[in-house]
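Quick notes on the structure that follows.
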Amino acid sequence: MIIKNEKKLTKTEKIKEWFEQNTEKIFRSSSILYIIGKNGKAQCKLIDFAHTEDAGGVTDNNVIEALQNVINNWKKLLIN
């Protein structure tokens, strides 16, 4: 289970890194979907991003903060 959680953590961090660079769109009501296949392969996808607005050259700090909270929770699971 630890390997699967580490993969989810890494993939979530990559999504957060993208949002830290994104200054084109702000996302409203989007979600992250985690999938674990029978073979143990982990996937992490951004979904439900139909509601976007122009960011006006700034980052979407709400999404970045939310993703950091998810990352912190995955780290807590890895420690325990």
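Could you tell me whether the range 43-56 includes any residue that is without any contact (Cβ under 8 Å) to a residue 24 or more places away in the chain and in contact with a helix residue (DSSP H, G or I) (Cβ under 9 Å, 6 or more places away or on another chain)?
Yes: the range 43-56 contains one or more residues that are without any contact (Cβ under 8 Å) to a residue 24 or more places away in the chain and in contact with a helix residue (DSSP H, G or I) (Cβ under 9 Å, 6 or more places away or on another chain).
Could you tell me whether Glu65 is exposed (fewer than 14 other Cβ atoms within 10 Å of the Cβ), acidic (Asp, Glu) and either modelled with pLDDT under 85 or over 11 Å from the mean Cα position of the chain (by Cα) (or both)?
Against the criterion (exposed (fewer than 14 other Cβ atoms within 10 Å of the Cβ), acidic (Asp, Glu) and either modelled with pLDDT under 85 or over 11 Å from the mean Cα position of the chain (by Cα) (or both)), Glu65 does not qualify.
Are any of the residues in the range 67-74 among the aromatic types (Phe, Trp, Tyr) and in a loop (DSSP other than H, G, I, E, B)?
Scanning the range 67-74, I find no residue that is among the aromatic types (Phe, Trp, Tyr) and in a loop (DSSP other than H, G, I, E, B), so the answer is no.
Give me the residue from the range 26-59 that is open to solvent by 80 Å² or more (accessible area, probe 1.4 Å) and in a strand (DSSP E or B) and, out of that set, nearest to Trp74 (Cα to Cα).
The residue in question is Lys45.
The values are calculated or read from the model by the stated rules, or taken from the named source; none is laboratory data. Model, not experiment: these values are computed from the prediction. Glycine gets a Cβ as well: all are built from the backbone with ideal geometry, and neighbour counts include every protein chain shown. The area values use the complete protein model at the heavy-atom level, side chains included, leaving out ligands, DNA and RNA. Shrake-Rupley method; radii C 1.70, N 1.55, O 1.52, S 1.80 Å.
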